[in-house]
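So the structure is just underneath, and the comments pick up after that.
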Amino acid sequence: MKKTNLTLIGMPGAGKSTLGIILAKNLSLGFIDTDVLIENHQHKTLQQILDASDHLNLRALEEQEILKLSVSRHVIATGGSAAYSEKAMAHLQRMSVIVFLEVSYGEIMRRIRNFASRGIARAAHQTFHQLFDERQSLYKKYAEVTIDCDGLDQEEIVQQIIGNVRHILPNEHR
């Protein structure tokens, strides 16, 4: 399968959804946010799902939604925990270029104010810093392109992504 999609991975607060919309517009692609798919199909927010069950259930729902994706010419913004699923990530790798939006812990802490209600999938005993450290190696494992987002505005990040994926995407995106 030819890779015609871009998939954004990274921590909550890295800008996957916001940058994904801008990228889709700039590249004339569709846009999918897997967190929104989960919420639409479950008729609950991510936080409500976590409150009713646990982080492992949310990860399983995320994996199911990703495995159902069969699209081309889309930017896909994943939930922050997508990288925990080898099956989901293998599926995304077959159909898209995986871009890791790397943002420092300090910058994430500056951006996120609503930790308690944001629907972040983590174990009850786990601190956000522990979660951040745990996920970095997963993101790096799957990334074909890594963008260091610290100190850049949205347009600069989008231009870096486009510049780094131009050689991979089909000719119409060059």
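The protection proxy used here, the mean number of other Cβ atoms lying within 10 Å of each residue, ranks peptides 93-100, 25-32 as follows, highest first: 93-100, 25-32.
Just tell me which aspartates and glutamates come within less than 17 Å, Cα to Cα, of K68; anything on the same chain fewer than 8 places away is out. Straight-distance partners of K68: D33, D35, E39, E86.
Element breakdown for the chain at a 1.4 angstrom probe: carbon and sulfur atoms account for 49% of the accessible area. For the chain, take the longest principal axis of its alpha carbons; what is the angle in degrees between that and the long axis of helix 55-68, to the nearest 10 within 0 to 90? Tilt relative to the chain: about 30 degrees. Cross-link pairs exceeding 18 Å in C-alpha to C-alpha distance, out of K87/K141; K16/K140; K16/K44, comprise K16/K44. Relative protection proxy for 102-113, 81-92, 33-44, from highest mean packing down: 81-92, 33-44, 102-113 (other beta-carbon atoms within 10 angstrom). With Cα atoms as the point set, the radius of gyration and Dmax of segment 15-107 evaluate to 13.4, 39 Å.
Between amide H atoms placed 1.01 Å from N, distances below 5 Å from G79 occur with T34, D35, all of them 5 or more places distant or on a separate chain. Look at where the Cα atoms of segment 22-56 and of segment 61-105 average out, and the two centres are 12 Å apart. Average accessible surface for the chain: 48 Å² per residue, computed with a 1.4 Å probe over protein heavy atoms with every protein chain in place.
The values are calculated or read from the model by the stated rules, or taken from the named source; none is laboratory data. Source: prediction; values computed, not measured. Note: ideal-geometry Cβ built from the backbone for every residue, glycine included; neighbour counts use all protein chains shown. SASA here: full protein model, heavy atoms, side chains in, ligands and nucleic acids out. Shrake-Rupley method; radii C 1.70, N 1.55, O 1.52, S 1.80 Å.
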